[in-house]
Every structure is written in C-alpha cells, then in structure tokens.
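Okay, structure first, notes after.
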Amino acid sequence: MPVRARPLSPHLEVYRWRLNMVLSITHRITGIALSVGFLVLMYWLVAVAGGPRAYESAAAVLASPLGILALILWTFAFFYHCLAGVRHLMFDVGFGFERAQRRRSGLITIAGAVVLTFAVWILLWHGAHS
Amino acid sequence: MSLRSPLGRVLGRGSARDGTEHWWAERISSVALVPLTLWFLVSLLALPDLGYAAVRGWLALPISSLLAVLLVVTLAYHSHLGTTVVIEDYVHDAGLKVASLLVLRFLHVLAGGASIFALLHIAFGA
C-alpha cells in the first residue's frame, strides 16, 4: 500500500480566524520572540560582568534606534506572554471558559499588554530625561 | 501487556510517554517566572539610572544574585520546553527535527550557563 503524505496537525489554514485563535498564536509567537530575547539578556549580563567598557558598548547597541525598537517589542512580548500565560493557567484550572468570559479575558490581555508596555517606556523615557 | 495496536508497534509510533510531564513542567516554570520576571523588571525600573555603576551595584547584592540566578535557570528551562514543542509541531522531517532539537538544547544550556557564570562573576568577582 503506498504511503500518502497526509496533512499533519496543526493545519491552521482550514479555520476561520477567531479572537481566541489569534490570541493563542500570538502567545506562541511572543514566546519564540522571548526565547531570542533570553539571548539578549545573556549578552547584557555578560557585559555587566565584563566591566564598564563592555557594558558601555552593549548599552550603546541596546540604546540605538533599532535596539530601542526591539526592546519595546520585547517589552510588549513579555507582558503579552505573561498575561496570556496567566489566562491559560486560569483555563487549565477550569475557570473562564464561557464565551463572554473568554472574550473579556482576551481583550484584557491585549489591552493590559499595550498599557503596561507604554507605562514601562514612559517611566524609562522620564528617567532618561530628568 | 501492550495497549498499542500491531500497526502502531510496527511503525514505531505512538505515545512518547512523557507528554504530561512536559506540559506540567511548562506550567510550573511559568508560575515561577511571574514573580521572578516582575521582580527583575521592577528592580531595573527602580534604579536611579541604567549606567554601569547602578546596574552592577544592584546585581552584586546577594538577594539580587540569588533571584537573578533563579530567574535565568527557570527562563532557560521554560524557554527550552516551549521552543521544543514549536519544533516538534512544525518540523516534520525526522533528521531536521533531531538536529533542531539538539541545537535548541545546546543553545539553552549555553545561554543559561553563560548567564549564571556572569551573575556569579558579578557576585564574587573583583
């Protein structure tokens, strides 16, 4: 019998886009982004251990326009992954499965991540200019 | 007695046996990461500035060293668990999958190890 290449899970293209689906996919994407961010954290920690000169050069890279943009995206990824993770933990213990609850916690996750990202960067901006 | 079907036995497929542990470990590490990451972020924001002296002084405190080591260990663990599932989900070619998982594991041990070494150097180095 010939072995046919059957579609393997997850085959996302067969579904209509839904809020919870977008939230779940974003959770995974932000998780991958944060794993890359872990390498940057390592780079930063090694620079701190390396002394003032190493730290200044690492700080210059991170404070460059591209570095700032990446750090802002990582801040959002962190807050999103953190809030969505707590939401998933809530699901895991059996809370919030009703349609309206799912929708509300989903929207809180998005809004919370955006607001917290803004808050952190306003604080950082304020600190750098006072 | 095996519960696997004859076909499943022949194909060598079926349960990988440790799915539940993987899932559970991911949850436990995620719970630990909530306070650890928030501590790290809030402490960083509470520093007078992000210059070398302030950052080094903060990370050299015993409590910072301890929490930061716990943070990078848990982070490496959780990140490895998460990215492993991603590879398992999307990389279907057997050889490429094994190679990716191997690279992933080495990278996480490297990143975790280098972070711990850096933190210990900050704590105990001159």
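The values are calculated or read from the model by the stated rules, or taken from the named source; none is laboratory data. The model shown is predicted, which means the values in this text are computed figures rather than measured ones. Please note: Cβ atoms are built from the backbone with ideal geometry, for glycine as well, and neighbour counts cover all protein chains shown.
On the basis of being touching a residue at least 12 places away in the same chain (Cβ under 8 Å), closer than 17 Å to B:Ser115 by Cβ and either assigned to a helix (DSSP H, G or I) or facing chain B (nearest Cβ under 8 Å) (or both), does A:Leu45 make the cut? Full working, then the answer.
Details: touching a residue at least 12 places away in the same chain (Cβ under 8 Å): no; closer than 17 Å to B:Ser115 by Cβ: yes; either assigned to a helix (DSSP H, G or I) or facing chain B (nearest Cβ under 8 Å) (or both): yes.
Judged against the criteria, A:Leu45 is not a match.
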Checklist entry - Do we have B:Ser43 as of a type in the set (Gly, Ala, Ser) and more than 8 Å from chain A (Cβ to nearest Cβ) here? => result yes
Checklist outcome for this item: Output for Cβ contacts, cut-off 7 Å, separation at least six or different chains, first residue at the interface with chain B (Cβ under 7 Å from one of its Cβ atoms) in the range A:28-41, second surrounded by fewer than 17 Cβ atoms within 10 Å (Cβ to Cβ) and not basic (Lys, Arg), reads A:Arg28/B:Val86; A:Ile32/B:Val86
Item to check | Hits in the range A:81-130 - residues which are β-branched (Val, Ile, Thr), exposed (fewer than 14 other Cβ atoms within 10 Å of the Cβ) and under 18 Å from the mean Cα position of the chain (by Cα) | outcome: A:Ile108, A:Val114, A:Val115
Next on the checklist: Could you check the range B:21-40 and list, in sequence order, the residues that are out of contact with any His (no Cβ under 7 Å at 6 or more places or on another chain), more than 10 Å from chain A (Cβ to nearest Cβ) and either polar (S, T, N, Q) or within 21 Å of B:Leu119 (Cβ to Cβ) (or both)?
Outcome noted: B:Ala32, B:Pro35, B:Leu36, B:Trp39
Next on the checklist: Going through A:Ala5, A:Ala100, A:Ala70 one at a time, which residue ends up being over 30 Å from B:Gly57 (Cα atoms), away from chain B (no Cβ under 12 Å) and among the aliphatic types (A, V, I, L, M)?
Outcome noted: A:Ala100
Checklist entry - Got a number for residues in the range B:75-124 being facing chain A (nearest Cβ under 8 Å) and of a type in the set (Val, Ile, Thr)? => result 3
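Pick from B:Trp39, B:Trp58, B:Trp24: which is aromatic (Phe, Trp, Tyr), over 19 Å from A:Ala47 (Cα atoms) and modelled with pLDDT of 95 or more? Before you say what the answer is, go through the steps one by one.
Details: B:Trp58 fails: over 19 Å from A:Ala47 (Cα atoms); B:Trp24 fails: modelled with pLDDT of 95 or more.
Only one candidate passes the filter, namely B:Trp39.
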Checklist entry - Does A:Ala60 count as within 10 Å of chain B (Cβ to nearest Cβ), without any contact (Cβ under 8 Å) to a residue 24 or more places away in the chain and part of a helix (DSSP H, G or I)? => result no
Checklist entry - Can you name the residue in the range B:75-109 that is part of a helix (DSSP H, G or I) and acidic (Asp, Glu) and is also nearest to B:His22 (Cα to Cα) among such residues? => result B:Glu88
Next on the checklist: I'm trying to understand the selection: among the residues of the range B:77-125, which are surrounded by 15 or more Cβ atoms within 10 Å (Cβ to Cβ) and under 30 Å from A:Arg6 (Cβ atoms)?
Outcome noted: B:His80, B:Leu81, B:Gly82, B:Thr83, B:Thr84, B:Val85, B:Val86, B:Ile87, B:Val91, B:Ser100, B:Leu101, B:Leu104
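Which ones in the range B:28-57 are buried (at least 16 other Cβ atoms within 10 Å of the Cβ) and part of a helix (DSSP H, G or I)? So that I can check it myself, show each step before the final result.
Within the range B:28-57, the subset buried (at least 16 other Cβ atoms within 10 Å of the Cβ) is B:29-30, B:32-33, B:36-37, B:39-41, B:43, B:50, B:52, B:55.
Those that are buried (at least 16 other Cβ atoms within 10 Å of the Cβ) and part of a helix (DSSP H, G or I): B:Ser29, B:Ser30, B:Ala32, B:Leu33, B:Leu36, B:Thr37, B:Trp39, B:Phe40, B:Leu41, B:Ser43, B:Tyr52, B:Val55.
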